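Since every read-out is calculated from the coordinates, none of them should be taken as a lab result. Keep in mind it's a predicted model, so treat the numbers as computed, not measured. Neighbour counts are summed over all protein chains in view; Cβ atoms, including those assigned to glycine, are modelled from backbone coordinates with ideal geometry.
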Amino acid sequence: MNNKSEKHLEKRIRYLIILFIICIVFSGITAFPIETELRIAYENINMLPEFMRSWITRVYFAVSTTNAEYPFLSYGTDWLAYAHIVIAVAFI
């Protein structure tokens, strides 16, 4: 490889790593408020395509019922979200 193509490849790899970091942080941050996000989707269900409505309804009621009855189960998703952020920081 010549020097120019190596630099281009290095720059492309850096951009892909930055994109990966952004995506994994976003994935982690959006995992914290799962019930809130589902409630917003459920409250605006008419804006969603028909094929998603029954699925969003079922998932929202399952998560809200589970959180009301067994709130300790949500700790798993919180730790998963935290782990995404820690992995992203490790890439920096």
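Projecting label points 7 angstrom from Cα along Cα→Cβ for ARG14 and ALA62 puts them 4.4 nm apart.
Taking the centroid of alpha carbons for each part, region 69-84 and region 30-47 are 17 Å apart. If you model the chain as an ellipsoid using its alpha carbon gyration tensor, with each semi-axis the square root of five times an eigenvalue, the axes come out at 38, 19, 8 Å, biggest first.
For the chain, list the DSSP H helices whose alpha carbon atoms reach 15 Å or more along the long axis and whose average Kyte-Doolittle value is 0.5 or above? If you can, show how the numbers build up before the last one.
Numbers: long enough: 3-31 (42 Å, 0.64); 50-69 (29 Å, -0.07); 74-91 (26 Å, 1.06).
Counting only whole DSSP H runs, the qualifying helices are 3-31, 74-91.
P(r) tail, region 1-50: Cα-Cα pairs separated by more than 17 Å, 61% of all pairs. Taking 0.36 nm per residue of separation and subtracting the current Cα-Cα distance, fully stretching the chain between PHE91 and SER27 would add 21.5 nm.
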